[in-house]
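Read through the structure below, which is laid out as structure tokens, and then see the notes.
The values are calculated or read from the model by the stated rules, or taken from the named source; none is laboratory data. Not measured: the values here are computed from a predicted model. Note that we place each Cβ from the backbone using ideal geometry, even for glycine, and neighbour counts take in every protein chain shown. Just the protein is used for accessible areas: all its heavy atoms, side chains included, with ligands, DNA and RNA removed. Shrake-Rupley method; radii C 1.70, N 1.55, O 1.52, S 1.80 Å.
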Amino acid sequence: MRFYKYHALGNDYIVCDPVDFPQWKNGPSVDEIRVICHRNFGVGSDGILWGPLPSEKSEFGLRIFNPDGSEAEKSGNGLRIFSRYLWDQKLAKNATFTIETPGGQVTSVIKEDGKLITVDMGSVSFVSTKIPHTGPEREVINEQITVLDRTFTYCSATIGNPHCVLPLPEVSAELAHKYGPHLETHANFPRKTNVQFLQVLDRKNIRIEIWERGAGYTLASGSSSSAAASVAHKLGLVDNDITVHMPGGTIGIEIGANYAIRMTGTVNKVAVGDMHAQLFEVKV
Ligand SMILES: N[C@H](CCC[C@H](N)C(=O)O)C(=O)O
């Protein structure tokens, strides 16, 4: 059971290719995902990338799993990592190719032999019924939400997966750890949500602290960068080309017409290894 581990700005994923896991007819089970991703009992990662899968629409298909066993519609860092895997394994014959995710088709462009990758992520929407977010259909902009001892003003967006973006004068990891879990599971979000605390530094730079749906605190997130940059732009606070600063590093976001997002960031290869059958004897 060969696996390939990469990270994107410290947001790490394990690529599991169906050719190496013939026993997984429909992908890994929740128990298998949870133990593989576990930092002590498993290989350890912020998620699993299951692919390449057959696709009728795109050149490659991909499924994305969070460490809690849930499935994500899209992952920006995950898509850069999977694109790098396809390039490294010579499965991608050209430097530009398409990938189908449950959250829509994306287009990847390999640069610097895979050390830098650009992904056209699709378009961001703020519409409640697309996120999904409860209440009447509207764009979720500057609404109020109360968790624990605090009421925040927030916006919500989707780029295939759901996001709750909270603009503040200053952000911190402590904010993400304290309020993130409660926002992630708030009743406003029927499919839960990713959470970003947003600090606008200037018209070309933002800073975010992230609490991910199904993964918790992470050092970087491509879909979070896309959503937070789009919210900042929607609020008139930034221009179209933005650098998103996160604890793990920076991602470039270009906002096009109708909030079409072009994301550019690095990928680092970590390891290639083999999972042992005893890994699956533990349930976490
Ligand atoms: N936890 C996310 C998926 C991974 C997102 C993040 N790692 C990224 O790079 O976009 C979700 O359930 O929607």
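Annotations
- Residue-level analysis places residue 186 outside the set of residues that are in a strand (DSSP E or B) and within 16 Å of the ligand (Cβ to nearest atom).
- Restricting 172, 224, 156 to residues that are under 18 Å from the mean Cα position of the chain (by Cα), more than 21 Å from residue 6 (Cα to Cα) and not aliphatic (A, V, I, L, M) narrows the list to 156.
- Count - residues of segment 89-106 that are on the phi < 0 side of the Ramachandran plot and surrounded by fewer than 18 Cβ atoms within 10 Å (Cβ to Cβ): 9
- Check on residue 233, open to solvent by 10 Å² or more (accessible area, probe 1.4 Å), within 24 Å of residue 48 (Cα to Cα) and not polar (S, T, N, Q): no
- Contacts under 9 angstrom Cβ, first residue in segment 30-48 being under 14 Å from residue 11 (Cα atoms) and part of a helix (DSSP H, G or I), partner aliphatic (A, V, I, L, M) and within 14 Å of the ligand (Cβ to nearest atom), 6 or more apart: 37/14; 37/48; 37/215
- Enumeration of residues in segment 238-259 that are touching a residue at least 60 places away in the same chain (Cβ under 8 Å) and open to solvent by 40 Å² or more (accessible area, probe 1.4 Å): 247, 250, 258, 259
- Residues of segment 195-213 satisfying the condition of being open to solvent by 10 Å² or more (accessible area, probe 1.4 Å) and either among the polar types (S, T, N, Q) or in a loop (DSSP other than H, G, I, E, B) (or both): 199, 203, 204, 205, 213
- Unique residue being open to solvent by less than 20 Å² (accessible area, probe 1.4 Å) and in contact with a Lys or Arg (Cβ under 9 Å, 6 or more places away or on another chain) when the list is 51, 47, 42: 51
- Inspection of segment 172-183 finds a residue satisfying the criterion of being farther than 19 Å from residue 127 by Cβ, among the acidic types (Asp, Glu) and more than 16 Å from the ligand (Cβ to nearest atom).
- Pairs linking a residue in segment 127-138 that is closer than 10 Å to residue 156 by Cβ to a residue that is open to solvent by 50 Å² or more (accessible area, probe 1.4 Å), with Cβ atoms under 7 Å and 6 or more positions apart or on different chains, are 127/137; 127/139; 128/135; 128/137; 128/138; 132/190; 132/191.
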